[in-house]
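Data block below; observations after.
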Amino acid sequence: MNFRKIIIQITCVVLLAFIASSLWSFTFGDNGLWNQHKLKRQIEHLEFETDSLKAILEFRKHEGERLLKDSFYIESIARSKYGMSKKGEAVYQFIDE
C-alpha cells in the first residue's frame, strides 16, 4: 500500500514537470508565443518601411520623368534651387528680418 502511494506521487511529480516544461516551451521557446509576438511586430514594422520606401521610389520615378520631359519644371528647379536666371533678367532676393 505504501509502495503504491509513492508510485502515484512520483507519477504526479513527473506529470507536473512535463506540463510545466511544455507550458514553458509553448510560451518562451523558439516558436513560442513570445517569439511569435516579437516577429509579428517586426513584420509590421518592415511592411510599413517597405510601403514608405515604395512611395519614395514612386515619387522619384515621377520626378525623374518630369525632369526628362517637362522643361518648365526644369526651369523652376534651376531658379528656386540653384538661383539661376535667364540672360538679361534681374534677380531680387528678399531677406526677412
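Structure notes:
- The one condition in (1) over 19 Å from the mean Cα position of the chain (by Cα); (2) at pLDDT below 95 that Asn35 fails to fulfil: (1)
- Within the stretch 1-29, residues that are more than 26 Å from Leu39 (Cα to Cα) reach no partner that is loosely packed, with under 10 Cβ neighbours inside 10 Å and not aromatic (Phe, Trp, Tyr) with beta carbons closer than 8 Å at six or more positions or on different chains.
The values are calculated or read from the model by the stated rules, or taken from the named source; none is laboratory data. Treat the numbers as computed from the prediction; the structure is a model and nothing was measured. For neighbour counting, all protein chains shown are included, and Cβ atoms are generated from backbone atoms with ideal geometry for every residue, glycine included.
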